[in-house]
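Data block below; observations after.
Since every read-out is calculated from the coordinates, none of them should be taken as a lab result. Predicted model, so just to flag it, every value in this text is computed and none were measured. For neighbour counting, all protein chains shown are included, and Cβ atoms are generated from backbone atoms with ideal geometry for every residue, glycine included.
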């Protein structure tokens, strides 16, 4: 069976991101392929790797793993949810693996999570083959799955959300528009007047120009913009950035007491504060 | 030319750590081999990679690179040097690439740096082929190179150093003793009575048992033990730990004003504080 991203070397199957424009590849030994399906949009695979367990792979690009998916999911949701004083309405654009939504419903103030994923197949395959990330059993009833283009969905909303999280894949192909100003303008309008937008803003090592552009574009639109980092072994370079853009609440002034920590494996009060403390090369990139 | 760690795939040379017990390999595209020499201890190579520039490789294991070597070197030296009120005498065990010593002499209070590297070849090759890490031109006259076994050297010293940094390779082969209690006891005796020991304590993701053991062994010997993290793209998993053990001064109580920041690309005041804020899974590992 041919799977994008999997190659044979020394009689062994290896999974490797196609991302090699810097000549750097993260490579995982494959134990077995659990699922391979074709959607209208992409090849959706779940591959069991030796070191990181089950891994969601879209068109050959590793998205999340059983071993460290929690880091990304906790970081993209807890930071905005602990910053907002009373988050009730949440929208997640992308994030079909379901991990971010699982974190959102840990907050009792949250009443509804609109999970807008363009590719239904990603949700189905994740729920069936990757419950360690997507969640076991029936999803929380507050989560509403919407299989629609995220940009079109957001464009139609106004004053609707306390928190919008852009849990997208890399800015190539269909996800590219999620990194552009017109979409951020629509997202701003879809937020309530003290709402918070958060997005994954790529690697400061391998995609510094993306992070820089996202940060500065959001600064043109939002009074409070804060970039924060997490150490995610799965992603090339191991360090990943998120950028939070807020209409009123500043994470650096939030008291952090609203942070839910029960069951967390990455985010705690120390991280909520420490993640905004950036290395000099990242500060200089954003200045 | 056969070089440890380099393999051919798809007609291209790739450099890859042999470390694959978790089935995870970081892999770099090779541009050319700049040096390959055999010492009594190991194969010492400098390989130019496409994305990370010149790379020091010992017996096939990547040690430091032109692109991100500064992160490790700044983190292992600035944290203890900014914690100690007046560091004058510094000893570096290992660290033959010279990068840590370059950081140490940024502190005007530092009068002498004993660089104890067992393998002279590592120093020579680094100075000749990797001056971006080892330093251009003549080394600072405060740096004294000692080509000796670090354990024997430290055993003979008493009340000699303000800061000892264990800048070792992984705990396999000759470096293994540098992670053991007898060596830490000798290092404690080699410190002045308010001295600080710091060591690289491996990846919390790939070698959690090493980090845990180092941390707890040092706790048996020192009143103040603090583990801190840095995001180093070159090392597998991208997140690396250091553990500081101190006879008196606590980095969490230091005012940080002594930190030298001029020329730093990673360590600034935010990092000096933020690096001790550990993710939950690391806290639980160390508790």
Expected integer from the mean partner chain Cβ neighbour count at 10 Å over B:47-54 is 3
Simple spin-label model, 7 Å along Cα-to-Cβ: residue A:269 to residue A:40 in nm? 4.9
Below 8 Å between Cα atoms, with a sequence gap of 6+, how large is the relative contact order for chain B in percent? 16
Over chain B, with a Gaussian network built from C-alpha contacts below 10 Å, which listed residue (B:24, B:145, B:222) shows the highest mean-square fluctuation? B:24
With R₀ set to 41 angstrom, the calculated FRET efficiency between the beta-carbons of residue A:284 and residue A:194, to the nearest 0.05, is 0.85
Modelled label-to-label distance, residue A:138 and residue A:247, 7 Å Cα→beta-carbon offset: nm? 3.4
Cα-based shape type of the stretch A:130-237, given that a ≥ b ≥ c are square roots of the gyration tensor eigenvalues and the cut on a/c is 1.5: oblate
Using Cβ counts within 10 Å as a stand-in for footprinting exposure, how do B:259, A:178, A:197 rank, fewest first? B:259, A:178, A:197
Given R₀ = 41 Å, what would the calculated FRET efficiency be for residue A:148 paired with residue B:32, taking r from the Cβ atoms and rounding to 0.05? 0.25
Using a Gaussian network for chain B with springs between C-alpha atoms less than 10 Å apart, which of these wobbles most: B:270, B:149, B:162? B:270
With a ≥ b ≥ c taken as the square roots of the eigenvalues of the C-alpha gyration tensor of the stretch A:69-286, please select rounded if a/c is under 1.5 and otherwise prolate if a/b is larger than b/c or oblate if it is not? rounded
Simple spin-label estimate for residue B:185 and residue A:181 in nanometres, 7 Å along Cα-Cβ: 6.7
Assertion target for B:269, A:84, A:216, ordered by fewest C-beta neighbours within 10 angstrom first, is A:216, B:269, A:84
If only Cα atoms are counted, what is the Rg of the protein assembly as shown, and what is its Dmax, in Å? 24.2, 74
Would you mind classifying the stretch B:6-65 by shape? Square roots of the alpha carbon gyration tensor eigenvalues, ordered a ≥ b ≥ c; an a/c under 1.5 is rounded, otherwise it is prolate if a/b is larger than b/c and oblate if not. oblate
So for A:151, B:65, fewest C-beta neighbours within 10 Å to most, what's the order? A:151, B:65
DSSP-defined antiparallel bridges as percent of all bridges, the protein assembly as shown, nearest 5: 70
Roughly what % of DSSP beta bridges within the stretch A:69-286 run antiparallel, to the nearest 5? 40
Most fluctuating of B:112, B:88, B:152 in the GNM of chain B (C-alpha, under 10 Å) is B:152
